[in-house]
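Quick note: the coordinates plus some simple rules give every number you see, no bench work behind them. Note that the coordinates shown come from a computational prediction; the quantities given were computed from them, not determined experimentally. For neighbour counting, all protein chains shown are included, and Cβ atoms are generated from backbone atoms with ideal geometry for every residue, glycine included.
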Amino acid sequence: MARGRTKRVFTQRIDPDGSRRVPDELIVEEPMSIRLDGELVATTMRTPGDDFELAAGFCFTEGLLGEAEIKSVRYCGQGTASESEYNDVTVDTDGNAEPPTPRLGPSSSSCGICGTEAIDQLCERLSKLENTPFDLSVISTAATEITEEQTLFIATGTVHAAAVFNRAGDLILLREDIGRHNAVDKVVGNLLLDKKLPSEDLGLWVSSRASFEMVQKAWAAGFTALVAVSGPSALAVETANRAGLQLAGFARGLRLNIYNED
């Protein structure tokens with residue numbers, strides 16, 4: 001269920017022409033609890049809308065589902081969905097997923113373990129990708145077109161986006177959210193619920209930096225490429241090379257950097 005994602009307020013605008021009161025669009029930000037088979041696994045601040053995709057994508061990219069299949073996704077809580085203000089979602093596997101370890105917030109760059117250990121843990125869970133890399137001209141074309149489709153960003157200037165494109169450079173899917181991780185989980189959740197994973201013929205574009213977590217989520221979903229508007233971290237590059245994931249940064253206009261080993 002998609003509710004209002006922006007709210008109109010009045011702001012005092014000051015510029016060389018003086019000061020005046022004008023209307024402004026602000027993005028809505030609300031907490032959402034994510035549960036797996038009823039057990040709380042995370043609470044994240046997100047932009048309302050595409051909540052089922054967000055919950056499913058989070059459970060998948062964080063490796064909480066294992067081999068379990070999602071049976072349903074629903075709003076939950078002590079009362080009705082409206083009573084919980086649609087801010088409590090559970091992903092149900094009929095109890096087939098391993099009991100989850102609760103996490104009070106979204107994934108963080110402060111993981112508490114060193115980079116090598118983090119990558120090794122992913123290698124134990126995920127197989128190395130064997131996908132054919134994208135043609136660089138396709139990545140540049142897709143990045144340019146996607147930027148023009150961020151309607152919430154155009155309205156508010158305060159949200160991140162994640163988008164999926166194919167080998168022809170066509171935009172397949174785009175989601176926007178106050179949280180960059182949430183935007184990615186929403187597109188992954190959409191593909192997961194539509195049974196379109198792994199996504200070896202698709203690329204993932206993000207309007208942020210390419211962090212370790214972004215590489216992790218792209219790898220888990222089976223994307224061929226991760227394309228970021230900003231640069232990557234050193235750990236993200238190392239992880240992408242271990243994963244066999246094509247990684248591009250500073251994708252702006254027709255310019256980009258490729259960080260993969262030859």
**Prompt:** Would the range 227-234 turn up any residue that is out of contact with any helix residue (DSSP H, G or I) (no Cβ under 7 Å at 6 or more places or on another chain), surrounded by 19 or more Cβ atoms within 10 Å (Cβ to Cβ) and either touching a residue at least 40 places away in the same chain (Cβ under 8 Å) or more than 14 Å from N260 (Cβ to Cβ) (or both)?
**Reply:** yes
**Fill in**
For the range 247-262, pairs from a residue that is on the phi > 0 side of the Ramachandran plot to a residue that is assigned to a strand (DSSP E or B) and surrounded by 14 or more Cβ atoms within 10 Å (Cβ to Cβ), with Cβ under 8 Å and 6 or more apart or across chains, are F250/A228; F250/L256
**Item:** Among (1) assigned to a strand (DSSP E or B); (2) touching a Ser or Thr at 6+ places or on another chain (Cβ under 6 Å); (3) not basic (K, R), the one test that G169 misses
**Value:** (1)
**Asked** Right, T141: hydroxyl-bearing (S, T, Y), surrounded by 15 or more Cβ atoms within 10 Å (Cβ to Cβ) and free of Cβ contacts under 8 Å to residues at least 60 places away in the same chain or not?
**Response** yes
**Request:** Determine which member of the set A162, A221 is crowded, with 24+ Cβ neighbours inside 10 Å and under 21 Å from I119 (Cβ atoms).
**Result:** A221
**Scan of the range 20-53 for residues that are among the hydroxyl-bearing types (S, T, Y) and more than 16 Å from R180 (Cβ to Cβ), ordered by number** = S33, T43
**Request:** Being part of a helix (DSSP H, G or I) and within 21 Å of the chain's Cα centre (by Cα) is the filter here, so list the residues in the range 116-140 that pass it.
**Result:** A118, I119, Q121, L122, C123, R125, I139, S140
**Asked** Restricting attention to the range 55-69, and to residues there that are on the phi < 0 side of the Ramachandran plot and out of contact with any strand residue (DSSP E or B) (no Cβ under 6 Å at 6 or more places or on another chain), which single residue is surrounded by the fewest Cβ atoms within 10 Å (Cβ to Cβ)?
**Response** E67
